[in-house]
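Have a look at the structure below before the remarks.
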Amino acid sequence: MGEHTRSPAAQGGHTYLEYCCREALDAYTLEDALMWQQEISRELTRRIAFVAEADWPTDIKARTLFDLMHRRATHNARARHAETALRKNENLTWRR
């Protein structure tokens, strides 16, 4: 993550997760997009760990963990689909 944390977006008004999402969407190649997708997954994992340790009300904590875990699972499934298509050299529309 080293070079990514030095970006202005990562240090400014946007969160690192938002920065990674923009980079994934703006990636020129599928390989670059997948690299950013992996970084998004790592960031979601970090956020899950943070929330799990937070001293929050149980209902808010449970809902937040559910939302983050669901987002990570959905995101990972889509990334695996794209990785499989790339590996099989299939045509894949990854930008709409």
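Summary table
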| item | result |
| --- | --- |
| Region 40-45 - phi-based ³J(HN,Hα) in whole Hz, Karplus 6.51/-1.76/1.60, Gly and Pro as x | 4, 4, 4, 5, 4, 4 |
| Calculated on alpha-carbon atoms, Rg and Dmax of region 11-66 in Å | 13.9, 42 |
| For a label point 7 Å along the Cα-to-beta-carbon line of M69, residues of region 31-61 with backbone N under 20 Å | 40-61 |
| Per-residue ³J(HN,Hα) for region 22-27, Karplus 6.51 cos²θ - 1.76 cosθ + 1.60, θ = phi - 60°, Hz, x for Gly and Pro | 5, 5, 5, 5, 8, 4 |
| Whole-percent carbon and sulfur share, accessible surface of region 18-96, 1.4 Å | 52 percent |
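The values are calculated or read from the model by the stated rules, or taken from the named source; none is laboratory data. Because the structure is a prediction, the values reported are computed rather than measured. Here the Cβ is made from the backbone with ideal geometry for all residues, glycine too, and neighbour counts use every protein chain on show. Quick note on the areas: whole protein, heavy atoms, side chains included, nothing else; ligands and nucleic acids left out. Shrake-Rupley method; radii C 1.70, N 1.55, O 1.52, S 1.80 Å.
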